[in-house]
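The values are calculated or read from the model by the stated rules, or taken from the named source; none is laboratory data. Everything numeric here is computed off the predicted structure, so don't read it as measured data. Here the Cβ positions follow ideal geometry from the backbone for every residue, glycine too, while neighbour counts run over all protein chains shown.
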Amino acid sequence: MLSNSIHYSEPLFRPPSEARALILQTTIGCSWNRCAFCEMYTSKKFHIRKEEDVFKEIDSLSSYSTQIRKVFLADGNAMVLSYDKLMRIIEKLNSSFPNINRISAYALPKDLSSKTHDELVSLANAGLKLLYTGIETGDDELLKIISKGETYNSTVDALVKARQSGLKLSVMILNGLGGKRFTTQHAQNSAKAVNAIGPEYLSTLVLSFPYGVDHYKNKFAGDFMEMSKMELISEMGEFIGNLELNNTIFRSDHASNYLVLKGILNRDKDKLLTDIFRVLKNQDPSELRLEWMRGL
Ligand code: SF4
């Protein structure tokens, strides 16, 4: 949207659900930029854009002012900005676009823990409605191996704090992240983390290897054994089987997923597990972890 009016620093990423939003780069790259599986911003040196340049860009869109309803603050983690800076940008957006009804951004847990509860409440009240966080896994061993820079506790504490401040959350888990060796602990501890957070939205993506599996293995500080499609789907069964949620919208429909799964959790949990079971039932059981199938 409006891409001709803004000069973007490429590559540019946004969540699929922000397809109709104005994408506004307030930062360039990711302030962490060390996760073993992620190549999104490796070509960019992280920096915070000058506020005057961001404001000029907003002013350049004045002829679209009434059409802009959603704004996504890019790049990798705009929530790294200080509270004061974020608030000035949100106030500028509110005064420039009278019909705006949602501002969103990617956030790392550490970006949230560095802000007070009252600051997060003020940002939510000013119009910051939705944060996207790649939890990736709730397993401490795996978080360390992939250099996520977070732990189970740091992730859960920060995201619970955000929810208690009135911010909505969309969280992502990475299917296959730890390979065969870590699959059970990854699935179980990821479900435990998501249960503790209780996000409004949950999605899963499948680990991909844009530079080849050996490139990932070199960055993975452990023994990585790539999983088959059926093992990946079985891991989804273990993950979903351990979820205990109340009204979370779940989507596993990114292009990377081999099996499209959608529903409200826990309402649709049995149906999702049955869908997975149907795919797996004719497979060699020795290849699969079937604990989650008990009770189906
Ligand atoms: S924090 Fe997010 S954007 Fe940054 S390197 Fe990790 S996965 Fe990539």
Task: Positions within segment 232-258 being in a helix (DSSP H, G or I) and either in contact with a Phe, Trp or Tyr (Cβ under 7 Å, 6 or more places away or on another chain) or exposed (fewer than 15 other Cβ atoms within 10 Å of the Cβ) (or both), in sequence order - done: 232, 233, 237, 238, 241
TODO: Please work out which residue is farthest from residue 258 (Cα to Cα), limiting yourself to segment 176-206 and to residues that are in a loop (DSSP other than H, G, I, E, B) and touching a helix residue (DSSP H, G or I) at 6+ places or on another chain (Cβ under 8 Å).
DONE: 198
Open item on the list: Take the residues in segment 39-77 that are within 16 Å of the ligand (Cβ to nearest atom) and of a type in the set (Val, Ile, Thr); name whichever of them is surrounded by the fewest Cβ atoms within 10 Å (Cβ to Cβ).
Closed with: 42
Task: Selected residue [away from the ligand (no atom under 15 Å from the Cβ), assigned by TED's automatic domain parsing to the domain that holds residue 229 and among the polar types (S, T, N, Q)] from 175, 153, 101, 125 - done: 153
- [ ] Might you let me know whether segment 259-266 holds any residue that is surrounded by fewer than 17 Cβ atoms within 10 Å (Cβ to Cβ), touching a residue at least 40 places away in the same chain (Cβ under 8 Å) and on the phi < 0 side of the Ramachandran plot?
- [x] no
TODO: Run down 125, 94, 153, 99 and say which single residue is within 30 Å of residue 217 (Cβ to Cβ), surrounded by fewer than 16 Cβ atoms within 10 Å (Cβ to Cβ) and at pLDDT 95 or above.
DONE: 153
